[in-house]
Amino acid sequence: MTAYVVLLRAVNVGGTGKLPMAQLRAMCEDAGLQQVRTYIASGNVVMRSAASERQVKAALESRLADYAGKPVGVIVRTAAEMAQVLAANPFPDAAPNRVVAIFLDRAPPADTLSMVRHRKDEEIVLGAREIYVHYGDGMADSKLVIAAAKAGTARNMNTVAKLVEMAAQVTPAG
């Protein structure tokens, strides 16, 4: 059994993609996932499963598409991968609510940084399957556009740290 963290894209943000967390937990349990726990109402789930990352992703994408009537982005990381994302934060001295990891299904394209638009004071560093962004003046007034991030989903370092903590509490057996 593997502990996983699942991140949904565009759920309960800005009035789009409304999904009660109780419904999300039920979908996860219906997919055979165990010890399902959600964190805040923005599509963060911790669970364990004998299935592969790809199988977890496919099972949830199918159920979410049936529920929403359209595709819902699902990003899956093992507990160990999520811990590595936190450990690799290139901005450890910055306020954790001003640093995000944008989670992607695969490594960011080589031209990611050259394609960034409307950059002001933001700092950007590419990770394994993430893009780290430090918003020096905060996100509220940022006009930053990262084309490679369009299919991803962002979580600030406070949320990443909480998900790492929750995933560490998922027991390997029943």
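The values are calculated or read from the model by the stated rules, or taken from the named source; none is laboratory data. This is a predicted model, so every value here is computed, not measured. Note that we place each Cβ from the backbone using ideal geometry, even for glycine, and neighbour counts take in every protein chain shown. Calculation scope for accessible area: heavy atoms of the full protein, side chains included, ligands and nucleic acids excluded. Shrake-Rupley method; radii C 1.70, N 1.55, O 1.52, S 1.80 Å.
With respect to (1) farther than 30 Å from residue 33 by Cα; (2) among the hydroxyl-bearing types (Ser, Thr, Tyr); (3) open to solvent by less than 20 Å² (accessible area, probe 1.4 Å), the lone exception for residue 132 is condition (1). Note on the stretch 64-80: residues that are surrounded by fewer than 19 Cβ atoms within 10 Å (Cβ to Cβ) and in a helix (DSSP H, G or I) total 5.
The strands (runs of 3 or more DSSP E) falling completely within the stretch 118-174 that include 1 or more residues that are within 17 Å of the chain's Cα centre (by Cα) and closer than 23 Å to residue 42 by Cα map to 130-134, 153-156. Would you check if there is a residue in the stretch 17-32 being surrounded by fewer than 20 Cβ atoms within 10 Å (Cβ to Cβ) and either within 13 Å of the chain's Cα centre (by Cα) or closer than 29 Å to residue 124 by Cβ (or both)? Yes, there is a match, as at least one residue in the stretch 17-32 is surrounded by fewer than 20 Cβ atoms within 10 Å (Cβ to Cβ) and either within 13 Å of the chain's Cα centre (by Cα) or closer than 29 Å to residue 124 by Cβ (or both).
Mind checking which residues of the stretch 36-52 are more than 19 Å from residue 130 (Cβ to Cβ), surrounded by fewer than 19 Cβ atoms within 10 Å (Cβ to Cβ) and either at pLDDT below 90 or in contact with a Ser or Thr (Cβ under 9 Å, 6 or more places away or on another chain) (or both)? Those that are more than 19 Å from residue 130 (Cβ to Cβ), surrounded by fewer than 19 Cβ atoms within 10 Å (Cβ to Cβ) and either at pLDDT below 90 or in contact with a Ser or Thr (Cβ under 9 Å, 6 or more places away or on another chain) (or both): 40, 41, 50, 51, 52. It is to be established whether one or more residues within the stretch 17-30 are in a strand (DSSP E or B) and modelled with pLDDT under 95. No, the stretch 17-30 contains no residue that is in a strand (DSSP E or B) and modelled with pLDDT under 95. Within the stretch 17-37, residues that are under 14 Å from residue 2 (Cβ atoms) reach partners that are surrounded by 16 or more Cβ atoms within 10 Å (Cβ to Cβ) and hydroxyl-bearing (Ser, Thr, Tyr) with beta carbons closer than 6 Å, at six or more positions or on different chains, in the pairs 33/49.
The condition of being farther than 19 Å from residue 157 by Cα, surrounded by 14 or more Cβ atoms within 10 Å (Cβ to Cβ), among the polar types (S, T, N, Q) and without any contact (Cβ under 8 Å) to a residue 24 or more places away in the chain holds for residue 55. Out of all the residues in the stretch 75-91, is one or more at pLDDT 95 or above and over 21 Å from residue 167 (Cα atoms)? Within the stretch 75-91, one or more residues are at pLDDT 95 or above and over 21 Å from residue 167 (Cα atoms).
In this structure, residue 10 does not satisfy being open to solvent by 30 Å² or more (accessible area, probe 1.4 Å), more than 21 Å from residue 125 (Cα to Cα) and in a helix (DSSP H, G or I).
Just so you know, in the stretch 81-108 the residues that are free of Cβ contacts under 8 Å to residues at least 12 places away in the same chain and over 18 Å from residue 5 (Cα atoms) include one that is surrounded by the fewest Cβ atoms within 10 Å (Cβ to Cβ), and it is 93. Scanning the stretch 17-32 for residues that are over 15 Å from residue 75 (Cβ atoms), hydrophobic (A, V, I, L, M, F, W, C) and touching a Ser or Thr at 6+ places or on another chain (Cβ under 7 Å) gives a single hit, 21.
For the stretch 45-67, the condition holds for at least one residue, the condition being that it is closer than 16 Å to residue 160 by Cβ and β-branched (Val, Ile, Thr).
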